[in-house]
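Participant: Let me give you the structure first, and then I'll get to my questions.
Only the coordinates and a few stated rules stand behind these numbers; no lab work does. Bear in mind the structure is a predicted one, so any value in this text is a computation, not a measurement. As a convention, Cβ positions derive from the backbone with ideal geometry for all residues, glycine included, and neighbour counts pool all protein chains shown.
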Amino acid sequence: MRVVTLAREWIGTPYRHQASLKGVGADCLGLIRGVWRELLGAEPEETPAYSRDWCEVSRDEALWRAAATWLAPGSSERLGNVLLFRMAPDAPAKHLAIRAGESPDAPTIIHAYSGRAVIESPFTGGWRRRVVAAFRYPEGS
């Protein structure tokens, strides 16, 4: 799957809030944006500034709205799909990953991990419980 192959090329990119440059820096949204550019070309809109705080008191689902605008509905089990996570029960969904692992007994996700880098990690029950939506890149990707 091309999306997974491209996402794996980002592994090791240092975590940098609001960045999206392979090998230089990326956050979780930056990874999704970078893969978009490699698959489809220019991004469809400029990304506004955003907070890194997963526990915002705001109920604004800005990331969810943007994903629903530019990505197609998907499944959390389909390789290459973009997963949206809610990290705290009363907070907006603010983390993204790409479903990557092919083995049913050892599924993985690729995401930018704060304070570290873009990594591939197990898609465990803790992560699965936090998924609130899944999307796929548009046709032609």
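Participant: At 0.36 nm per residue, and after removing the present C-alpha to C-alpha distance, how many nm does the segment from ALA49 to VAL132 gain when stretched out fully?
Facilitator: Contour length minus the Cα-Cα distance gives 27.6 nm.
Participant: Per 5 Å bin, what percent of the C-alpha pairs of the stretch 62-138 does each bin hold, from zero upward?
Facilitator: Percent of pairs per bin, in order: 3, 17, 27, 27, 19, 7, 1.
Participant: Taking trypsin sites (Lys or Arg not before Pro) that fall in a DSSP loop and have at most 16 other Cβ atoms within 10 Å as cut points, what is the longest piece of the chain between them? Walk me through the intermediate numbers first.
Facilitator: Details: sites that count: ARG16, ARG52, ARG59, ARG78, ARG116.
So the longest stretch without any such site is 79-115.
Participant: If exposed GluC sites (Glu not before Pro) are those in a DSSP loop with at most 10 other Cβ within 10 Å, what is the longest stretch of the chain that has none? All intermediate terms of the calculation are to be shown ahead of the outcome.
Facilitator: Working: sites that count: GLU45, GLU46, GLU139.
That gives 47-138 as the longest site-free run.
Participant: Please state, as a whole number in µm²/s, the translational diffusion coefficient that the Stokes-Einstein equation yields for the chain at 37 °C and 0.692 mPa s, with Rh defined as the Kirkwood radius across alpha carbon pairs. Don't skip to the answer; put the middle values down first.
Facilitator: Numbers: Rh = 14.9 Å.
The diffusion coefficient I find is 220 µm²/s.
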